[in-house]
Each structure stands twice: as structure tokens, then as C-alpha cells.
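The values are calculated or read from the model by the stated rules, or taken from the named source; none is laboratory data. Quick caveat, the model's predicted, so the values are computed rather than measured. Note that we place each Cβ from the backbone using ideal geometry, even for glycine, and neighbour counts take in every protein chain shown.
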Amino acid sequence: MAFVKAIVEAYARRGMDPGKALNVAQITPKELADPASRISAAQMECISGAAMQELDDEALGWFSRRLPWGSYGMLARASISAASLGVALKRWCRHHALIADDITLSLKVTGDWATLYISEQRDLGVLREFCLVSVLRNIHGLACWLIDSRLPLLGAQFPFAPPPHHEVYAVLFPGPTAFDSAPAALRFDARYLALPLRRDESALQQMLQRALPLTVHQYRHDRLLLTRVRQALASQPARSHNADDLAALLHVSARTLHRQLKEKGSSLQTLKDEVRQRRSRDLLLRSARPIKQVAEAVGFRNEKSFIRAFQAWVGQSPSEFRRAGQP
């Protein structure tokens, strides 16, 4: 309800009545007065859309000047011709500064991480939280849409203390969230930046007719899921013994992990076997580690289980495979 109150504040600043927008979203005065009240994604879409059109401001009062209806569509159109997500996001950040200089957006890559930052150029006042949350959700939703994929977050941070409704941040920004950490930012795997865009002008026209769901719903499928699973299994075998542990590393539920792997025609066991087999072959041929240590290194709890699995994979025991591969 704090976000609804922020929209009501935008109406107050313009000397306008929010009654019609509240009615469209079926939000009663009693609910508005109760800070513990919750609204659905559909209600948030309704009140945001109605308010943006009535106020003729897609920023809903965040900035020192209005962003007339169609402003964010213009930014999306300027980004859609980019060859990759990384180029598209850099364009978005650069062009956003042309329509609103109250904040500055930037994209930086450090090692395996990509981070989207918001630098505040003036005091955003009582709408600060709503502004920072909305801008980050907007750009994250657009990024997912552009590549037609879930873009898992490795972390989000905000430069203010945890608000009373801080638990909702787990829904808006799945993954670790830190407060009292400046500047506002989202962090994700930098490999997504290389993905090509999967949208064209026709798709953009359709999306702009109902763009708001992008900011309140999460994408289900992840184009880099198989790559991320393989990497986690290979780099952290001790922390990926089972689906629950692996899902926690990837910031998804075990149920979601199994479902998405099935949708891609794979399974966790298949990927585990693939990664373990490759790693064990390499260790057997390139090191002198005892079989027991090889078993532990590739994630098996005991030597016997490893020998049995390896025999099924290659038709030889680990010792036989090692001897056959030696000059």
C-alpha cells in the first residue's frame, strides 16, 4: 500500500483527485488507510496505468518534470535495434538522461557481474523509494522482455533503511536484497549481456499496449539456465549435492528448477552426470589423485558410488580408464 500512497501523493502535488484511479483498481479508502493492506499485481497495473494517463506522467511524479505518455515507449524503441542486451541497456541508460536528469543510470561490468546503478542528482523527497524501486523494476522487466528470458538477480541494494513493508522486496527483486547501501543497484550474471535481442518493431507495438505487466510479473524461463546449472555443479560441487542446495545457489525454488529443466528437455541428474563425468575424466588423466579424492572432488559422498557411476558412464572402472589413457 505504500506504493499506492506514493501515487496518491503524485495526484496531490498536481492538485488532482485520485478517486477515479483508486476506483478502477478497486482500492477502498479503508484499505488505503491501512499500511498493512496488500494489493495484487493486477491492481498495481490498473492504478499505475490510470494514473499515468490522468497525470500524463509515466514517472508518476518522481522527477522535476513530467514524462508524457509514450516517453518510455520512445526509450524502448531506441533500444530495440541493438545487437545485444548489453548494447540495449547502455542505450537505455544514456537516453534516460535526456528525458529526466534527476537521476543517472549506468551499467558496469566487473568480472562475472553486471550492475545497473542509479545515481541520484537531486533529493527525490517522499517519492524516493517508489522512484528507485520502479525505475529498477522497469529496466529489469524490459531487459527480460528484450531477450525473452528470465534474468535472475544476484542482488539488489537500496540507499535507505528497510521500510515497514520490506518483505515485499523478495517478490519485486528475487535474490539477496541489502538496505542502507548506496547507490540503488541491481546485479546479475554478465553473460546475459551478450544475448541477442528477440524482439522486433511488431512485438514492441504489441508490448506497448500493455507494458505495465513487465514491471510487476517475473519471467518464468531462463535462456541461460543450463549454462548456469552446469557452472554451479562444476565450480561448487560440495554445495550442489541436491536440488534444494543448487536451487538456493541459483536463487530459484527447487520446484522451479526442476520444471524449467524439464521444459528444456533436460533434468538435474542428467546435467550432474554430464558435469561429473567430464570433471572426473579430466582429473583421472591429468592428475595423480587417488580415486577416493577424485570421487570427493566431483561431488560423490563415497568412493564406491563414484566407481559404480563411472563404470556406467564409460564402461570402465576409474582405474582402468586411467591406465588406458596413460602413454
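Quick rundown of the values:
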quantity	calculated
Which numbered condition Ser266 fails, given (1) at pLDDT 85 or above; (2) surrounded by fewer than 17 Cβ atoms within 10 Å (Cβ to Cβ); (3) of a type in the set (S, T, N, Q); (4) closer than 21 Å to Gln231 by Cβ	(1)
Helices (runs of 4 or more DSSP H) within the stretch 1-80 that include 1 or more residues closer than 22 Å to Trp92 by Cα	41-55, 71-79
Complete set of residues in the stretch 255-297 that are more than 22 Å from Arg150 (Cβ to Cβ), hydroxyl-bearing (Ser, Thr, Tyr) and outside any helix (DSSP H, G or I)	Ser287
In the stretch 10-40, residue farthest from Ala51 (Cα to Cα) [restricted to those that are hydroxyl-bearing (Ser, Thr, Tyr) and surrounded by fewer than 16 Cβ atoms within 10 Å (Cβ to Cβ)]	Ser37
Number of positions in the stretch 123-151 that are surrounded by fewer than 20 Cβ atoms within 10 Å (Cβ to Cβ), part of a loop (DSSP other than H, G, I, E, B) and in contact (Cβ under 8 Å) with a residue 12 or more places away in the chain	2
Every residue from the stretch 239-254 that is of a type in the set (Gly, Ala, Ser) and outside any loop (DSSP other than H, G, I, E, B)	Ala243, Ala247, Ala248, Ala254
Qualifying positions in the stretch 159-184 - surrounded by 14 or more Cβ atoms within 10 Å (Cβ to Cβ) and part of a loop (DSSP other than H, G, I, E, B)	Pro159, Pro163, His165, Phe173, Pro174, Gly175, Phe179, Ser181, Pro183
Count of residues meeting criterion [part of a strand (DSSP E or B) and either surrounded by fewer than 20 Cβ atoms within 10 Å (Cβ to Cβ) or among the acidic types (Asp, Glu) (or both)] in the stretch 89-106	2
